[in-house]
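The values are calculated or read from the model by the stated rules, or taken from the named source; none is laboratory data. Bear in mind the structure is a predicted one, so any value in this text is a computation, not a measurement. Positions of Cβ are generated from backbone atoms using ideal geometry, with glycine treated the same way; all protein chains shown enter the neighbour counts. Heads up: the accessible areas ignore ligands, DNA and RNA and are worked out on the full protein's heavy atoms, side chains in. Shrake-Rupley method; radii C 1.70, N 1.55, O 1.52, S 1.80 Å.
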Amino acid sequence: MLTLNESKNMNCIIVDDDLLSCKVIEGYVSKSASLNLTGIYNNSVSARNALIRHPEVDLIFLDLQMPEMDGFDFISSLQNPPNIIIVTSDENQALKAYDLNVADYLLKPVTYARFCRAVDKIRRYYYRRGDARDNGGENEIFIKKGSSLEKLKFKEILFIEALENYVTLATASEKFTIHFTMKAIENQLPPDLFIRVHRSYIVNKAVIQTIRENSLDINMGGTIKSVPIGKSFRDLLLGDINVMAK
């Protein structure tokens, strides 16, 4: 996935079998100076094949109701999906969509103002992620705690856990619960420090102690916590660490 800066546009695709909706979103994309449309696909299978050939896509505008493979199956089939904005006429699937860490959920007919808000939110997350990488992961974030904001260095975060529409950031001494999706928080974390190991878990690489077939142990500063490893994330994890075989 590409890291963006102020001078770089986001590569995006549209995946929708509703031709009128495709034209509307295509028109909105053409008005946006921050987006570069690289393809329009009328079914999930074609879109998935295109992503395999061209993984540099940053954002997908995705319908849920499609032949062969619906939007949810499409998301689940991707090992490392980019940001996804759902564009649908079904208002009853938002909770399920956010459970799959979509960035936003737009109901048809989509207004240009609502489209812009969704895109702008994603760009803010990308800028912060790029800044974190450029500064060697020493950046910090501010977490709301009661009526105040508390500074938290990235390296102090040991793991992040998804809890329905919230995520919990755990340090060695306390936990912070914030109203974010996993995709949104993942985009703010420096990838040299953190890795996604499960749909519901992101861990700090520095505190990984043991990796097993379906779980790993992390050092919580005196105690050990076991975290599950999702099947689709295992290969990414093993490819990201140094492994010396006996």
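Counting Lys +1, Arg +1, Asp -1, Glu -1, what net charge surrounds residue 143 among other residues with beta carbon under 13 Å of its beta carbon?
+1
Could you state the accessible area per residue of the chain in Å², with a 1.4 Å probe and every protein chain left in place?
51
Test of understanding: in a Gaussian network model of the chain with alpha carbons linked when under 10 Å, which of 107, 35, 59 would top the mean-square fluctuation ranking?
Result: 107 has the largest fluctuation of those listed.
Sticking with the crude label model, points 7 Å out along Cα→Cβ, report the distance from residue 45 to residue 112 in nm, one decimal please.
Roughly 3.7 nm, to one decimal.
What number, in percent, do you get for the relative contact order of segment 166-246 if the mean sequence gap of Cα pairs under 8 Å and at least 6 apart is divided by its residue count?
Relative contact order here is 20 percent.
With springs only between Cα atoms under 10 Å, which of 12, 22, 116 fluctuates most in a Gaussian network model of the chain?
116
Applying 1/(1 + (r/R0)^6) with R0 = 41 Å to the Cβ-Cβ distance of residue 52 and residue 145, what FRET efficiency is obtained, to the nearest 0.05?
Result of the calculation: an efficiency of 0.45.
Would you mind calculating the relative contact order of the chain from Cα pairs under 8 angstrom and at least 6 residues apart, reporting the percent as a whole number? Don't skip to the end; give the middle numbers.
Working: 415 pairs, mean separation 31.0, N = 246.
Rounded, it is 13 percent for the chain.
Here are a few candidate values for Cα extents along the principal axes in Å: (i) 58, 47, 36; (ii) 49, 43, 37; (iii) 47, 44, 42. Which one was actually calculated from the structure I just gave you?
Step by step, Cα extents along the principal axes in Å for this structure corresponds to label (i).
Considering only DSSP beta bridges whose two residues both sit in the chain, what percent are antiparallel, to the nearest 5?
DSSP beta bridges in the chain are roughly 60 percent antiparallel.
Per-residue accessible area for residue 212 at 1.4 Å probe radius, Å² rounded to 10?
110
Quick one: length gained pulling residue 17 to residue 211 fully straight, 0.36 nm per residue minus the C-alpha distance?
65.6 nm
Can you compute the helix-only [θ] at 222 nm over the chain? Use -39500 (n - 2.57) per DSSP H run of at least 4 residues, normalise by all residues, nearest 500 deg cm²/dmol.
-9000 deg cm²/dmol
Ignoring any ligand, DNA or RNA, what whole percent of the accessible area of the chain comes from carbon and sulfur when the probe is 1.4 angstrom?
49
In whole Hz, with x marking every Gly and Pro, tabulate ³J(HN,Hα) for segment 89-103 from phi via Karplus 6.51 cos²θ - 1.76 cosθ + 1.60, θ = phi - 60°.
Coupling constants for segment 89-103: 9, 9, 7, 9, 10, 4, 4, 5, 5, 5, 5, 8, 6, 5, 7 Hz.
Once both labels are modelled 7 Å past Cα along the beta-carbon direction, what's the residue 77-residue 240 spacing in nm?
2.5
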